[in-house]
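Notes for the one structure printed next.
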Amino acid sequence: MDNQILINVTFNETRVAKMENGSVAELYIEREAEPRIVGNIYKGVVGKVVPGMQAAFIDIGLEKSGFISVEDVNEDSLYDVYFESDADEVGSNKDVKGLIQDIMREGQHVLVQVLKESVGGKGAKLSSYIAIPGKYLVLLGTVDIVGISRKIDDQKERDRLSKAVKEMKPEGHGLIARTSSIGAGTDELRKDMEALIAQWENIRNKSESAKHPALLYSEPKLYIKTVRDFISADINKILIDFEPVYREIKDYLKRNFPDFKIKVELYKKKDPIFEYFGVENELKKILKRQVWLKSGGHIIIDEAEGLTVVDVNTGRYQSGKNQEETIYSLNLEAATEIVKQIRLRNLVGIIVIDFIDIRNPKLRDQIYEAFVEALKKDRSRSVVLEMSTFGVIQMTRQRLRESILSELAEPCPYCEGVGLLKSHHTVSYEIIREIKKQIDKSRGNSNKGNKIIVRANSSVIKTLKLSENDNIDRMQDKYGVEIDFKGGSGRIEKFQVTVE
């Protein structure tokens, strides 16, 4: 399997593409102007506690306060866990156990980690269950558990790692074996654990001395984090187009993953690395709603803030012995392409996929199984419901960062993100109504003249004169006014009607 990582670095932007068998599987972008904070650990100060939402706002020193739900609060991360309250106010201990207002109070200090980036008007989602990733292990600072990556399929290896981790794990801490721990010896695992423990103690010491909201730990730069998280036996090569980063990655791998046999090369071809490997073309396609399938069918992808809808269409596809076979073949092809687009575009939150209706339940099951099988390559956690009799699959996908589309694009200033503009005829009728409104307002007002100026887009004025010329003449005759049109190149839906 030919899998490689491409790293494109400029002075203010880093882009990473994971390639699987020659095609782009995943994309990551980090810009100096928009630093990523997922994984960062802060000493925060509790702001407003909201009992109705069972949540609290946490000041972590950023422009927007973070947001923590009660289920993400670990009491061991609070510096002053409980506070005294009158029994008449809060009721019995049983009634208030686990309530946010019983655990947190304004001004309290808390150790938190960012789970999700700030989105729109919302602050970052936080948790006080701290997890620090290492080479082979993830350390859980205050949760005493042992876990094995779900990507490790071999049961013997799972049992070996579980036994090794249980024997070395310090009391009061948790350890999770990462995918990269496959084949790692006990000594390697122990060294990684000791490094993580030292890092955790450093964070705790910093938090004790920090008096205000403060950053205690930050995740490494994208290219180092990518190498750390993707390092596994299925990656054959890493290509970097910037020599200082190339040297930094070489040194990082030599220090941390000396046993992994991965080619690390400096890209020297004349064509830019993302153009040479076709990544730029994929980036252009991400901006489009429609994705064509090889068969001639297509899928439509519409993203909203918390919901993505994917629709499968036959398009030009005409194949198969009968209608059912045609629909089955198209749905089967679409299932794998949709998973590819989910990973490539980083579609998150609730995703609803509407396949073309197919009556045969066995064929529906095969399409569903193909979809789930393709989804196994995805690193993000997801929950997939069974396909309905209407051919609909509903799923949720872990939101650690926003979709690639939201990073590459912003709402159109003309349609304001709606995706549609008013038609010329619709705007023409609005102008007619506004003319009538201004005439009615000016009647009986001696300070108002009898000349009406209409300023609008030239193409709208052309449509208006073609379709409403008779009505305009009647209005001028009936009300004794002169209507003068002044065209321009402004937005189609914008116009101004004034009386002079």
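When the range 132-144 is filtered for residues that are at pLDDT 90 or above and among the aliphatic types (A, V, I, L, M), the ones remaining, listed by number, are 132, 137, 138, 139, 140. State whether one or more residues within the range 148-162 are over 20 Å from residue 207 (Cα atoms), over 26 Å from the mean Cα position of the chain (by Cα) and at pLDDT below 90. Looking for residues that are over 20 Å from residue 207 (Cα atoms), over 26 Å from the mean Cα position of the chain (by Cα) and at pLDDT below 90, one finds at least one in the range 148-162, hence yes. A count restricted to the range 166-195 and to residues that are among the basic types (Lys, Arg) and touching a helix residue (DSSP H, G or I) at 6+ places or on another chain (Cβ under 6 Å) stands at 1.
Of the helices (runs of 4 or more DSSP H) contained entirely in the range 391-500, those carrying at least 1 residues that are within 46 Å of the chain's Cα centre (by Cα), crowded, with 17+ Cβ neighbours inside 10 Å and modelled with pLDDT of 90 or more fall at 424-442, 458-479.
Screening residue 48 on (1) assigned to a loop (DSSP other than H, G, I, E, B); (2) touching a strand residue (DSSP E or B) at 6+ places or on another chain (Cβ under 8 Å); (3) surrounded by fewer than 18 Cβ atoms within 10 Å (Cβ to Cβ) shows it passes everything except condition (1). Filtering 21, 40 for residues that are more than 19 Å from residue 347 (Cα to Cα) and either assigned by TED's automatic domain parsing to the domain that holds residue 60 or at pLDDT 90 or above (or both) leaves a single hit, 40. Contact map, the range 1-13: residues that are under 21 Å from residue 32 (Cα atoms) and at pLDDT 90 or above paired with residues that are assigned to a strand (DSSP E or B) and among the polar types (S, T, N, Q), Cβ distance under 9 Å, separation 6+ or inter-chain. Pairs shown: 7/14; 8/14. Quick check on the range 181-201. Is at least one of its residues among the aromatic types (Phe, Trp, Tyr), outside the structural domain of residue 256 (by TED's automatic domain parsing) and either surrounded by fewer than 19 Cβ atoms within 10 Å (Cβ to Cβ) or under 30 Å from the mean Cα position of the chain (by Cα) (or both)? Yes, the range 181-201 has at least one match. Within the set 341, 366, 323, the sole residue that is without any contact (Cβ under 8 Å) to a residue 12 or more places away in the chain, of a type outside the set (Asp, Glu) and not assigned by TED's automatic domain parsing to the domain that holds residue 28 turns out to be 323.
Would you pick out the residues in the range 202-227 that are β-branched (Val, Ile, Thr) and not assigned by TED's automatic domain parsing to the domain that holds residue 144? Selection gives 224, 226, 227. If you check 357, 378, 365 for being of a type in the set (Asp, Glu) and either buried (at least 19 other Cβ atoms within 10 Å of the Cβ) or not in a loop (DSSP other than H, G, I, E, B) (or both), only one passes: 365. The strands (runs of 3 or more DSSP E) located wholly in the range 1-44 that include 1 or more residues which are farther than 22 Å from residue 405 by Cα occupy 3-9. Inclusion of residue 232 among residues that are modelled with pLDDT under 95, outside any helix (DSSP H, G or I) and among the hydroxyl-bearing types (Ser, Thr, Tyr) is warranted.
The values are calculated or read from the model by the stated rules, or taken from the named source; none is laboratory data. Quick caveat, the model's predicted, so the values are computed rather than measured. We place every Cβ from the backbone using ideal geometry, glycine too, and count neighbours over all the protein chains shown.
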